[in-house]
Ligand code: GDP
Ligand code: IMO
Ligand code: MG
């Protein structure tokens, strides 16, 4: 399997990092293809918890080259900090590569993010305030600075200072605060550029040469299908394309090279921030999912909204991403439930929908149709094989497979690296 994509199928935090970490064993390169440090990717190794934001989840293996590809937006101060924090814990980041084409996030992007959210008032998106949207907007406007610009120190300092001056004036005009252009230029064009420079390279050629030499690549998505800028619940989305097509543009690897697309799916649903959520459970089941599943954002600490698994949504995700299989995570979170529900379709005025709603008004009007199953009320944690799972849990997996039409190849039974059951093809 030379190229595998790992993609979230819901609204993020499905447990992508844990599956990426597991698969990284069999891959030479683990490549982040979009998003930025809005992501929070947790890996638990021997009880130690690592929360990654920009650094790919393959960094824990000595044989893996972690790559931040061209589709990612990079806050260089954050990157330096994340590398330092990992290295302080004994994780070697020296193999890390950063695409020269990756766009950079600067303080004015964060300031614009905050101003835009304030302006939206009650209609705010609930962004992570990391400057993601404004940085991608500059990329699309062709005004952004890229990591490769840091390679020429003098030109970068000039370009940075003139952009910072313009952005400072703009922020003041919009009612924000002026920037300290000289101090920022000294920091970004000085010590930060110096720290980041050694990682910068042409990752497109690097990855193609690796493929030609027979290496296996794992392309790691951040966020998820329903946060996709084109296919998600716009405007309550992020500003990049987490769907599998984004793995092609975000790395420079063509679609024909990809042979496996794993849809990471939580056994229930969560969503951080605003936006529609048809199966949201505003009751004791939803509370239990949040409590038992520790559903609090890694990046912002916000409580994630919780609800039942939605296979209508998953069928759409399967189409959008060409999914080949599903990894179903956090099934253990439902261990104590007397009842588990699976949404199998949507209705409006009693009429079943044939397609996932095209707009927010339609999505807001749907009534989910549920299939109720008895809970297993047994701890899944110790299971190592599929047939060691209780019959009621296996039934849950069967229903998911039938409804989505894809095999469930991995089942998460706990946060730890080895707390997982695999079902081979
Ligand atoms: P990501 O953003 O998709 O990588 O997911 P996050 O790391 O933000 O959130 C997933 C959370 O669930 C993390 O705290 C993981 O340690 C945890 N987790 C992952 N898989 C499992 C699982 O199968 N069971 C349990 N109980 N926790 C899991
Ligand atoms: P991982 O990779 C969950 C959400 C934010 C907000 C919207 C837009 O850990 O799954 P942004 O800052 O991107 O402009 O915010 O997207 N969001 C996430 N939700 N997991 C994430 O990443 C997210 N990254 C962004 O909460 O609703
Ligand atoms: Mg996360």
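Sort out for me the strands (runs of 3 or more DSSP E) sitting completely within segment 316-379 that have 2 or more residues that are within 16 Å of ligand 3 (Cβ to nearest atom), crowded, with 17+ Cβ neighbours inside 10 Å and at negative phi. Steps first, answer last, please.
Working: elements: 325-329, 339-348, 367-374.
Filter on segment 316-379 gives 325-329.
Looking for whichever is part of a helix (DSSP H, G or I), in contact (Cβ under 8 Å) with a residue 24 or more places away in the chain, under 17 Å from residue 77 (Cα atoms) and within 16 Å of ligand 2 (Cβ to nearest atom) here; the options are 135, 161, 157. Which one fits? If you could, list the steps in order and put the result at the bottom.
Values: 161 fails: within 16 Å of ligand 2 (Cβ to nearest atom); 157 fails: within 16 Å of ligand 2 (Cβ to nearest atom).
Testing whether each residue is part of a helix (DSSP H, G or I), in contact (Cβ under 8 Å) with a residue 24 or more places away in the chain, under 17 Å from residue 77 (Cα atoms) and within 16 Å of ligand 2 (Cβ to nearest atom) leaves just 135.
Residues that are surrounded by fewer than 24 Cβ atoms within 10 Å (Cβ to Cβ) and within 16 Å of ligand 3 (Cβ to nearest atom): list the strands (runs of 3 or more DSSP E) wholly contained in segment 18-117 that include at least 2 such residues. Walk me through it before giving the result.
Details: elements: 29-32, 41-45, 48-52, 65-68, 97-99.
Ranges flagged: 41-45, 48-52.
Kindly evaluate residue 178 against the criterion of being touching a helix residue (DSSP H, G or I) at 6+ places or on another chain (Cβ under 9 Å) and without any contact (Cβ under 8 Å) to a residue 12 or more places away in the chain.
Values: touching a helix residue (DSSP H, G or I) at 6+ places or on another chain (Cβ under 9 Å): yes; without any contact (Cβ under 8 Å) to a residue 12 or more places away in the chain: yes.
Yes: the conditions hold for residue 178.
Within the bounds of segment 261-277, is there any residue that is in the same structural domain as residue 341 (by TED's automatic domain parsing), over 20 Å from residue 7 (Cβ atoms) and away from ligand 1 (no atom under 16 Å from the Cβ)? Before the answer, list the steps.
Within segment 261-277, the first condition is being in the same structural domain as residue 341 (by TED's automatic domain parsing), and the residues that meet it are 261-277.
Checking which are over 20 Å from residue 7 (Cβ atoms) leaves us with 274, 276.
Those left that are additionally away from ligand 1 (no atom under 16 Å from the Cβ): 274, 276.
Yes, some residue in segment 261-277 is in the same structural domain as residue 341 (by TED's automatic domain parsing), over 20 Å from residue 7 (Cβ atoms) and away from ligand 1 (no atom under 16 Å from the Cβ).
All but one of (1) assigned to a loop (DSSP other than H, G, I, E, B); (2) crowded, with 18+ Cβ neighbours inside 10 Å; (3) touching a helix residue (DSSP H, G or I) at 6+ places or on another chain (Cβ under 6 Å) hold for residue 128; state the number of the condition that does not hold.
Evaluating residue 128 over (1) assigned to a loop (DSSP other than H, G, I, E, B); (2) crowded, with 18+ Cβ neighbours inside 10 Å; (3) touching a helix residue (DSSP H, G or I) at 6+ places or on another chain (Cβ under 6 Å) leaves (3) as the failure.
Testing residue 11 on (1) over 18 Å from residue 71 (Cα atoms); (2) away from ligand 1 (no atom under 11 Å from the Cβ); (3) surrounded by 24 or more Cβ atoms within 10 Å (Cβ to Cβ), one condition comes back false. Which one is that?
Going through the list (1) over 18 Å from residue 71 (Cα atoms); (2) away from ligand 1 (no atom under 11 Å from the Cβ); (3) surrounded by 24 or more Cβ atoms within 10 Å (Cβ to Cβ), residue 11 breaks only (2).
For segment 278-315, give me each residue that is in a strand (DSSP E or B) and within 15 Å of ligand 1 (Cβ to nearest atom).
First, pick out the residues of segment 278-315 that are in a strand (DSSP E or B): 280, 296, 303, 305-310.
Those that are in a strand (DSSP E or B) and within 15 Å of ligand 1 (Cβ to nearest atom): 296, 303, 305, 306, 309.
Read through the list (1) farther than 18 Å from residue 18 by Cβ; (2) buried (at least 21 other Cβ atoms within 10 Å of the Cβ); (3) within 10 Å of ligand 2 (Cβ to nearest atom), then give the number of the only condition that residue 224 fails.
(1)
Of all residues in segment 402-425, how many are touching a residue at least 60 places away in the same chain (Cβ under 8 Å), part of a helix (DSSP H, G or I) and surrounded by fewer than 20 Cβ atoms within 10 Å (Cβ to Cβ)? Step through it out loud before you land on a result.
Of all residues in segment 402-425, those touching a residue at least 60 places away in the same chain (Cβ under 8 Å) come to 403-417, 419-420.
Next, only the ones that are part of a helix (DSSP H, G or I) stay: 403-404.
Still in the running and surrounded by fewer than 20 Cβ atoms within 10 Å (Cβ to Cβ): 403.
Count: 1.
In this structure, is residue 392 in contact with a strand residue (DSSP E or B) (Cβ under 6 Å, 6 or more places away or on another chain), under 23 Å from residue 338 (Cβ atoms) and surrounded by fewer than 17 Cβ atoms within 10 Å (Cβ to Cβ)? Please lay out each step first, then the result.
Values: in contact with a strand residue (DSSP E or B) (Cβ under 6 Å, 6 or more places away or on another chain): yes; under 23 Å from residue 338 (Cβ atoms): yes; surrounded by fewer than 17 Cβ atoms within 10 Å (Cβ to Cβ): yes.
The answer is yes for residue 392.
Just wondering, is there one or more residues in segment 12-26 that are at positive phi, over 14 Å from the mean Cα position of the chain (by Cα) and away from ligand 2 (no atom under 12 Å from the Cβ)?
Here is the first cut: in segment 12-26, the ones at positive phi are 12-13, 15.
Going one step further and asking which of them are over 14 Å from the mean Cα position of the chain (by Cα), we end up with none.
Checked against the condition, which is being at positive phi, over 14 Å from the mean Cα position of the chain (by Cα) and away from ligand 2 (no atom under 12 Å from the Cβ), segment 12-26 yields no hits at all.
Output the number of residues of segment 270-303 satisfying the condition of being within 15 Å of residue 15 (Cβ to Cβ) and at pLDDT below 95.
4
The values are calculated or read from the model by the stated rules, or taken from the named source; none is laboratory data. This structure is a prediction, so every number in the text was calculated from the model and none was measured. All Cβ positions, even for glycine, are placed from backbone atoms using ideal geometry, and neighbour counts span all protein chains on display.
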